[in-house]
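K.L.:
Sharing a structure below in C-alpha cells format, with a few things to ask.
Read-outs: derived from the displayed coordinates by stated rules, not from any lab. These figures come from a predicted structure and were not determined experimentally. Backbone-built Cβ (ideal geometry, glycine too); neighbour counts: all protein chains shown.
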Amino acid sequence: MSMEKNLVIVESPAKAKTIAKALGEGYSVTSSFGHIRDLSKKKLGIDMEQGYTPQYVIPPDKKDLIKNLTKAASEASVVWLASDEDREGEAIAWHLKETLHIPDEKTRRIAFHEITKDAILQAIANPRDIDMNLVMAQQARRVLDRLVGYELSPILWKKVKPRLSAGRVQSVALRLVVEREREILQFKSVSSFRVEGLFTCPDRNTDAFKAELDTRFGTEEEATAFLNTCPGAVFSVSSVEKKKGRKSPAPPFTTSTLQQEASRKLGFSVGQTMSVAQRLYESGRITYMRTDSTLLSKMALGAAKKIVGESFGPEYVKTRQYATRSKGAQEAHEAIRPTFMEQTKIEGSAAEKKLYELIWKRTLASQMADAEVDKTQIAIQNSHSANIFTATGEVIVFEGFLKVYRESTDDDQEKANGKQSATLPYLEPGDMLDAGYIKAIQRFTQSPFRYTEASLVKKMEELGIGRPSTYAPTISTIIQRQYVVKGDRPANKRQFIELVLDRDGISRKELSEKYGEERGKLFPEDIGILVNDYLAEHFPAIVDYNFTAKVEEDFDRIASGKLIWNEMLEGFYGPFRKTLDQALETSRPGNGERQLGNDPVSGKPVSVRLGKFGPMAQLGDGDDPQKRYAGLQKGQLLESVTLEEALKLFKLPRELGTYGDLPVMVSSGRFGPYVKWQEKFISLPKSDDPYTVTLERSIELIEQSREQEAKKYILDFPGEDIRVLKGRYGPYISHNKKNYRIPRGTDPESLTPEDCKKIIQKKDNE
C-alpha cells in the first residue's frame, strides 16, 4: 500500500501536520479546515415537503479549497477520511465523500482516539465504512436546531426586540441562569447564633481545640441565655468515637469534568479549556477531548501502574476501570488522558503546559490507592445544659492518591458548607475540660450562588442538556447574544453580633464583615430575561429541561440505528408549528414594562421597560410632552429595580459649574458615567459616583484627559485635517476619521503633509 498514492483528509492543519509526521512517505495529508458545506445562512435550507431534507451549500470561501481537494482526491488511489471520532467528525467525512464525489471503492473511513503513530497505523490497518447512523444523528441535530432558530427568531423580533435569536439548547441554558437569579432576588437571609468553645484538658496538658454546639439559637436572647448557663458548669468528655475512613480518587477527565476543574484550578473559561485541549490533541499530546467516557485503555492502565510503582512504591498502586455514567454512547470511548503517560512535561504555551499537567495528574491519581484517614469525634457535655459540644478531627495516615492530586470543590455552596477538620488531642470519656472561652457568633443563611461557566456545565450535564461538544459553544452563544454577562460584583458589608463568655463574664461586640463578593459569575441581562419569559410562556416545550434531555436521547437512538431521523423531526415539528402560529396571532409584546409608582415631588408616574437602546426608566406617562427617560445602570434589572432607584436615575445629567468659561456636566450613557466638557466625554472611574462627584474632581479628570491627549500628538496639520499620533501599536496618521499605519523605518516626527498624503493615497489604493 505504501507505493499507492494515498490521500488523507482531516479537519485541521495542525492535525494534518501531526499525522503527516507519523505516516511518512506514500501518504499526502491535507485539511478540509472544518466543515466544507452547511445549510444556507440566508434561507431555511430545508425541503419540508421532502422529509426535512437538508439543502447543503458550499460557502464562497470554501470554493477554491473544494476545487483543490477534488483534484487531489481524483488523482489518489485511496482517500482516507480521518476526521474526529464523534458524530460531527462522521458528518464531516460524509460531506467530504459526497462533495468531492469520491467513489465507494476508493473511500476508507478511519478514526482514532489519539494521534500517535501506533493508533494511526492501526486505524489504517482496520478501515471501516462511514457510519450513516452517526451522520443522520448529527444531521437531525443540525436540522432541528435550524428549524427552532429560524422559526423562533422572527417571532422574537416582532414581540420582544429586533435582531434577537433563539436556539434550542441555548434557551434552556439561559433559563437556568434566569431562574437562579430569581431565586437569589427572592431569597430572604435569616440569622442565627452559632456557638463554639475553646477547650483544654489540664490533666493531659493538651493544646487548645475548638468544638461547636449541636444547636443554633434563633435570637440574641436565646444565645445569651445559653451562655449564662455556662459559668460554674462542669465540662467533660462524654464520648470519643474513632473511625477509619477512606477517600477515593476522582475518575479520569471527561469533557465536562475537565472544563470544571480547569475553571476551578486554572481559572480557564470553558471556551479556553476546549481551545487549549484541541491544540494538545492535534499535536498528539492527549487523547480526544470531546468525550463522556471515563474508560482508560489497557496501555494507559499499564503505563500508569508502572509510573506509580516506580515513583511512590507498590503500596500506592491500585488499578481501576471506572464505569461511564453517560447514557449516550456517541462520543469517543476513552477518557481524556495523556497519549504517553511517561511524558510528564511538554513543550508549548503556558496554558498548554498547565492543562497538560492537570490531565496528567488526574489520570495518574485515578490509578492510585485510596487515602486512609483516622476520623475522631469528641462529644463534650455541660453539667448545666443538655446541649452537647462536638469536636471533629481528621488525620491522614496514608496519603495515597492525595500525594498527586486533590479534586477541587464543585461550587461556592459546597465551599460554604464545608467544615475544616483539625487534629484533636488524645482524650478519653470522663476527662475534665476547661473552657477558655465560649462564643456565640451571629451567622446568616446564604442565598443560592450564581453559576460560573463550570458550575453551569455541571448542571447541564446533570440534566442531560447538550453533549460534550456543545457545552462550550452553548455558553459562548448566550454571552455573545448579550442575554447573559460574565462579570464580578463587589462585596457588601453587614453588621453582626459576637457574644463572648470568658472569665470576666459576657461581652457584646458589634462587628462588620464583607460578604457576597462574586467573580466570574453569569448574570442575566434584561433582554435575556425577557427572551426567556416570552419563550417560557408561549413555547414551554422548547425551554423544558425534560424535553431537551429527551431530544438528546432521541439523537442517541438515531445514532444507534433505533430511530429514523426524519420521523423524529416530524414528531417535533407538527406541534411546534401550531404553537408558532398561535404565538404570532395571540401573544402580546414582551417589553418587561413595570409601573413602579409615582414621583413624590411631581406626582408623575414612574415606569421601566425595554426601550430601543436598552432597559430604561420613564418619568411621566405616554401623553406627557415633558416626559423624561433615563437608562438603567449596570446591575439593575427591570423586574427588581425600585421606585427610589429609578428616581435617582433622573438626577442625571448634573451641571456642576464651569471650567474655562465652559459648562461641566456629569451624566451616564451606554458605556457608563462620564464627565462632559466642550465636546469631550471623559469616563468616570469606578471609584467616583456620578451623583456625588464634585466640580473640583471633574476638573482634575478633564486636565488628566487633556494631558494624555497632548502626549498622544506628534504632529498636527490643521489645514490639511491630518494628524500624526501615538497609538497603542505605534505611530499612525489620522485623516478624515480614518487611521493609516506609518511604514516601518519611517521617522514620524520628520513627516511633512505631502509625505502623509502619499502614505494615505497608497493605503487607499490597496
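K.L.:
Give me the lysines in straight-line cross-link reach of residue 361: C-alpha distance below 23 Å, same-chain residues under 8 apart excluded.
P.N.:
Here the lysines satisfying the reach criterion relative to residue 361 are 247, 265, 298, 305, 306, 318, 345, 353, 403, 415, 458.
K.L.:
Same structure, new question: Given the -39500 (n - 2.57) contribution per DSSP H run of 4+ residues, what per-residue ellipticity at 222 nm results for the chain, rounded to the nearest 500 deg cm²/dmol?
P.N.:
On the way: 20 runs with 267 residues, N = 766.
The per-residue figure over the chain is -11000 deg cm²/dmol.
K.L.:
Where a Cα-Cα gap under 20 Å defines reach, which lysines qualify for residue 562, not counting those fewer than 8 residues away within the same chain?
P.N.:
327, 550
K.L.:
By the gyration tensor of its Cα atoms, with a ≥ b ≥ c the square roots of the eigenvalues, what is the shape of the range 594-649: rounded for a/c under 1.5, prolate for a/b over b/c, or oblate?
P.N.:
Details: a/c = 1.93, a/b = 1.30, b/c = 1.48.
Here the range 594-649 falls in the oblate category.
K.L.:
Same structure again: Would you work out the charge dipole size for the chain about its Cα centre, treating the Cβ of every Lys and Arg as +1 and the Cβ of every Asp and Glu as -1, and quote it to the nearest 20 debye? Write out the running numbers ahead of the final one.
P.N.:
Values: 115 positive and 110 negative charges, 320 e Å.
Value, rounded to 20: 1540 debye.
K.L.:
Now for a separate question. Sort the range 654-712 into rounded, prolate or oblate with this rule: let a ≥ b ≥ c be the square roots of the eigenvalues of the Cα gyration tensor; rounded if a/c is under 1.5, and if a/c is not under 1.5, prolate when a/b is larger than b/c, oblate otherwise.
P.N.:
On the way: a/c = 1.56, a/b = 1.18, b/c = 1.32.
It comes out oblate by the Cα gyration axes.
K.L.:
Please report 554, 504, 203 as a ranked list, fewest other C-beta atoms within 10 angstrom at the top and most at the bottom.
P.N.:
Going from least to most buried by this count: 504, 203, 554.
K.L.:
Relative contact order for the chain: what percent, with Cα pairs under 8 Å and sequence separation of 6 or more? Mind showing how you got there, number by number?
P.N.:
Values: 1332 pairs, mean separation 88.7, N = 766.
It comes to 12 percent, rounded to a whole number.
K.L.:
Please give the direction-averaged projected area of the C-alpha convex hull for the range 154-303, in square nanometres with one decimal.
P.N.:
On the way: hull surface 78.3 nm².
For the range 154-303, the mean projected area of the Cα convex hull comes to 19.6 nm².
K.L.:
Which of rounded, prolate, oblate describes the range 255-369, given a ≥ b ≥ c as roots of the alpha-carbon gyration tensor eigenvalues and a/c under 1.5 marking rounded, otherwise prolate only if a/b is larger than b/c?
P.N.:
Note, shape of the range 255-369 comes out oblate.
K.L.:
Turning to a different aspect of this structure: Calculate, for residue 696 and residue 651, the FRET efficiency according to 1/(1 + (r/R0)^6) with r their C-beta to C-beta distance and R0 30 Å; round to the nearest 0.05. Intermediate results must be reported in sequence, preceding the final value.
P.N.:
Working: r = 19 Å, r/R0 = 0.64.
Efficiency, rounded to the nearest 0.05: 0.95.
K.L.:
Oh, and also: Please compute the contact order of the range 6-130 in relative form: average sequence separation of alpha-carbon pairs under 8 Å and at least six residues apart, divided by the residue count, as a percent.
P.N.:
On the way: 186 pairs, mean separation 33.1, N = 125.
Relative contact order comes out at 27 percent.
K.L.:
Taking just the alpha carbons, could you work out the radius of gyration and Dmax for the range 721-765, both in angstroms?
P.N.:
For the range 721-765, the Cα radius of gyration and maximum Cα-Cα distance read 9.5, 25 Å.
K.L.:
Mind giving me the nanometre distance, one decimal, between the label points for residue 717 and residue 228, set 7 Å out from Cα along Cα→Cβ?
P.N.:
So the two model labels end up 9.0 nm from each other.
K.L.:
Using only the alpha carbons, work out the radius of gyration and Dmax of the range 423-528 in angstrom.
P.N.:
23.1, 66
K.L.:
Most exposed first by the Cβ proxy, i.e. fewest other Cβ within 10 Å, how do 751, 185, 280 rank? Kindly include the intermediate steps, with their values, before the conclusion.
P.N.:
Values: 751 20, 185 11, 280 23.
Least to most surrounded, the residues fall as 185, 751, 280.
K.L.:
List the extent of the Cα atoms of the chain along each of their three principal axes, largest first, rounded to whole Å.
P.N.:
Over the chain, Cα extents along the principal axes are 97, 84, 67 Å.
K.L.:
Which of 268, 671 comes first, and how do the rest follow, when ranked by fewest Cβ neighbours within 10 Å? Could the numbers behind the result be given before it?
P.N.:
Details: 268 24, 671 9.
The most exposed by this proxy come first: 671, 268.
K.L.:
Related question: Would you mind calculating the relative contact order of the range 654-712 from Cα pairs under 8 angstrom and at least 6 residues apart, reporting the percent as a whole number? Provide the component values of the computation, followed by the final result.
P.N.:
On the way: 66 pairs, mean separation 14.4, N = 59.
Value for the range 654-712: 24 percent.
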